[in-house]
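Undergrad: The structure that follows is given in the form of structure tokens.
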Amino acid sequence: MSQAGQIDGLQFAQERERRSGHLELEAFPRLAEFGCLAARVDYEIEGCSNAEGRLALRVTIDGVLELECQRCLGSLEHAAAVRNELELAVDPAFIESAEDDVDRVLATPNMEVSELIEDELILSLPMVPMHETCDLPAEAERSSPFAALAALKKGNSEG
Ligand SMILES: [Zn+2]
């Protein structure tokens, strides 16, 4: 069991319970597999009824994920800000077959809070994490083919 603990989904929603806390990367093994280098997030889960009157969990997450830029391989801070409502469903087949755009999660008596948070964080990840402008190391400029070409031309004109 993780540090965030478990909830009984339906009961938690019925009683409008609320749980909040802080989690870091060690709570998110799958996120680490996606190349996340560090995570610091504050979360809150609140039991509620959604617009259709069905029991749901309102999930709020704010924090920072450290990802690896796919261009320069430097670290890249990704702001995680999740506001989502997950309808509780008791039948996995219903979740599979539902064709609306309601987010659903399987309600069980022992839902891992950290896994719920991790699912939402994974969905919030950018497809290809990349800096808008990379801070390339200074050597890259010196060793670029253009710099070599310029040096060559300079040498020729002098000789
Ligand atoms: Zn970069």
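Undergrad: May I ask you to derive the FRET efficiency for residue 91 and residue 3 from their Cβ-Cβ distance with R0 = 41 Å, giving the value to the nearest 0.05? Write out the running numbers ahead of the final one.
TA: On the way: r = 30 Å, r/R0 = 0.74.
Calculated transfer efficiency: 0.85.
Undergrad: Please give, to one decimal in nm, the separation of the simple spin-label points placed at residue 38 and residue 102, each 7 Å out from Cα toward the Cβ.
TA: For the pair residue 38/residue 102, the computed spacing is 4.1 nm.
Undergrad: Explain nothing, just the number: relative contact order of the chain, from Cα pairs under 8 Å at least 6 residues apart, as a whole percent.
TA: Working: 269 pairs, mean separation 36.4, N = 159.
For the chain, the relative contact order is 23 percent.
Undergrad: Roughly how tilted is helix 113-124, in degrees to the nearest 10 and between 0 and 90, from the longest Cα axis of the chain?
TA: 40
Undergrad: Report the extension gain between residue 127 and residue 112 in nm, rounded to one decimal, defined as 0.36 nm multiplied by the number of residues separating them, less their alpha carbon distance. The partial results should precede the final answer.
TA: On the way: separation 15, 0.36 × 15 = 5.40 nm, distance 2.57 nm.
That works out to 2.8 nm of additional length.
Undergrad: In degrees from 0 to 90, rounded to the nearest 10, what is the angle of the helix 145-158 Cα long axis to the longest principal axis of the chain?
TA: 10
Undergrad: Another question, then. Quick one: the Cα spread of the chain along its three principal axes, in angstroms, biggest first?
TA: Each principal axis gives a Cα extent; for the chain these are 86, 35, 22 Å.
Undergrad: Hey, another quick one. Taking region 84-114, which GluC sites (Glu not before Pro) meet the DSSP loop condition and have no more than 15 other C-beta atoms within 10 Å? Write down the numbers at each step before the final one.
TA: On the way: sites: 85, 87, 96, 99, 112; in loops: 99.
Listed in order of number, the matching sites are 99.
Undergrad: DSSP loop (so not H, G, I, E, B), at most 15 other Cβ within 10 Å: list which GluC sites (Glu not before Pro) in region 46-82 pass both filters.
TA: On the way: sites: 46, 52, 66, 68, 77; in loops: 52.
Listed in order of number, the matching sites are 52.
Any read-out appearing in this document is the output of simple, stated calculations on the displayed coordinates, not a laboratory observation. Remember, predicted model here, so these are calculated numbers, not experimental data. A quick note on method: Cβ atoms are made from the backbone with ideal geometry, for glycine too, and the neighbour counts reach across all protein chains shown.
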